[in-house]
Amino acid sequence: MAVYGYARVSSKTQKEDRQIIALCRAQVPKRSIYVDKQSGKDFDRPMYQKMIRQLKADDVLYIQSIDRLGRNYEEIMRQWELITKEKGADIVVIDMPLLDTRRGKDLMGTFLADIVLALLSYVAENERTNIKRRQAEGIAAAKAKGIRFGRRPLPLPDNFPEVCRLWERKEISLQEAAERCGMSRSTFYEKAKKWEHASRTGI
C-alpha cells in the first residue's frame, strides 16, 4: 500500500504551504505529494494526471478539502469513482472525516459517504459559479463607472497628424502612411479615422 497526497492552488502566485502542512501531519511522505498550480475547473492538470497513473489498488490518496480536488461537480464525482471503483484506491478528505473511504465499507457507510460527497461537490461548484458571477458583476459595474480594462493604448507618434493629412489628401498610400508611423495598415486606418473624427468634431 502506498500513500499519496494531492494539493492544488488556482494560480502560480498562490501558496500551497497550508495544504502541504496538513498532508504531512496526516503522515503523507513529502516525496509522494503532488502539487498543481492550476484552476480546478477540470482535471487536465499535469501533476494530478501523473499521480493518477501511479495509484494502484489499496493505495490511499489524501487531500485537504474536496475543492482542492476540483470545482466541477460532475468531474469530481467521475474522478472519485475512477479512484475508488476503477483503481480500487481509497480517498481521505482531511477536513471532512466522513469522506474517508477506508471506513464504513458496508452499504450504509458507502451510502453516507456518497451523499456527503455529492453535497460538498455541489457546494464547491456552486461557489465557483458564484465567484464567476461576482466577477462579471464587478466588471460591469466598473465599466459603468467609466473604468477601462486592458492595456492602455500606445501614444500616437509625433508625425501622426502630418502623415494623416498627407494620406487624407491622397499624397501617400495607406501602406506608406502606416510604415511612416510604425503601424500596421489596419491600426493606422483605425486610428486615422478616430483622429479625423476628433479633429472635425472636437470630441
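The values are calculated or read from the model by the stated rules, or taken from the named source; none is laboratory data. It should be emphasised that the depicted structure is a prediction, and the values quoted were computed from it without experimental measurement. Neighbour counts are summed over all protein chains in view; Cβ atoms, including those assigned to glycine, are modelled from backbone coordinates with ideal geometry.
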Would you say LEU69 is assigned by TED's automatic domain parsing to the domain that holds LYS85, within 17 Å of ILE91 (Cβ to Cβ), at pLDDT 90 or above and of a type in the set (A, V, I, L, M)? no
Give region 11-45 a look and list any residue that's crowded, with 16+ Cβ neighbours inside 10 Å and free of Cβ contacts under 8 Å to residues at least 24 places away in the same chain, or say none. GLU16, ILE20
Across region 1-15, the tally of residues that are in a loop (DSSP other than H, G, I, E, B) and either touching a strand residue (DSSP E or B) at 6+ places or on another chain (Cβ under 6 Å) or among the β-branched types (Val, Ile, Thr) (or both) stands at 2
Which numbered condition in (1) modelled with pLDDT under 75; (2) surrounded by 12 or more Cβ atoms within 10 Å (Cβ to Cβ); (3) more than 30 Å from ILE91 (Cβ to Cβ) is the only one that LEU156 fails? (1)
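Taking the condition of being small (Gly, Ala, Ser) and surrounded by 13 or more Cβ atoms within 10 Å (Cβ to Cβ), how many residues in region 52-107 meet it?
Kept after step one, since they are small (Gly, Ala, Ser), are these residues of region 52-107: 57, 65, 70, 88-89, 104.
Then drop every residue that is not surrounded by 13 or more Cβ atoms within 10 Å (Cβ to Cβ), which leaves 65, 70, 89, 104.
Residues meeting the conditions: 4.
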Between a residue in region 141-155 that is under 25 Å from LYS191 (Cβ atoms) and any residue that is at pLDDT 70 or above and not polar (S, T, N, Q), which pairs come within a Cβ distance under 8 Å, given they are 6 or more apart or on different chains? PHE149/ILE139; PHE149/ALA142; PHE149/LYS143
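Residues checked against (1) assigned to a helix (DSSP H, G or I); (2) at pLDDT 80 or above; (3) in the same structural domain as GLN49 (by TED's automatic domain parsing):
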position	(1), (2), (3)
MET77	yes, yes, yes
TRP80	yes, yes, yes
LYS85	yes, yes, yes
LYS143	yes, no, no
GLY150	no, no, no
LEU166	yes, yes, no
GLU176	yes, yes, no
GLU190	yes, yes, no
Number of the exception - TYR4 against (1) loosely packed, with under 13 Cβ neighbours inside 10 Å; (2) farther than 24 Å from LEU119 by Cα: (1)
Pairs with Cβ under 7 Å, 6+ apart, first in region 172-192 and without any contact (Cβ under 8 Å) to a residue 60 or more places away in the chain and within 11 Å of ASN159 (Cβ to Cβ), second of a type outside the set (Ser, Thr, Tyr) and in a loop (DSSP other than H, G, I, E, B): ARG180/ASN159; CYS181/PRO157; CYS181/ASN159; GLY182/PRO157
Quick one: what pairs do we get from region 52-69, first residue at positive phi, second modelled with pLDDT of 95 or more and assigned to a helix (DSSP H, G or I), C-beta under 8 Å, 6+ apart or different chains? none
GLU125 at pLDDT below 75, more than 30 Å from ALA198 (Cα to Cα) and outside the structural domain of GLY40 (by TED's automatic domain parsing): no
What residue, among those in region 31-75 that are part of a helix (DSSP H, G or I) and basic (Lys, Arg), is nearest to LEU99 (Cα to Cα)? ARG68
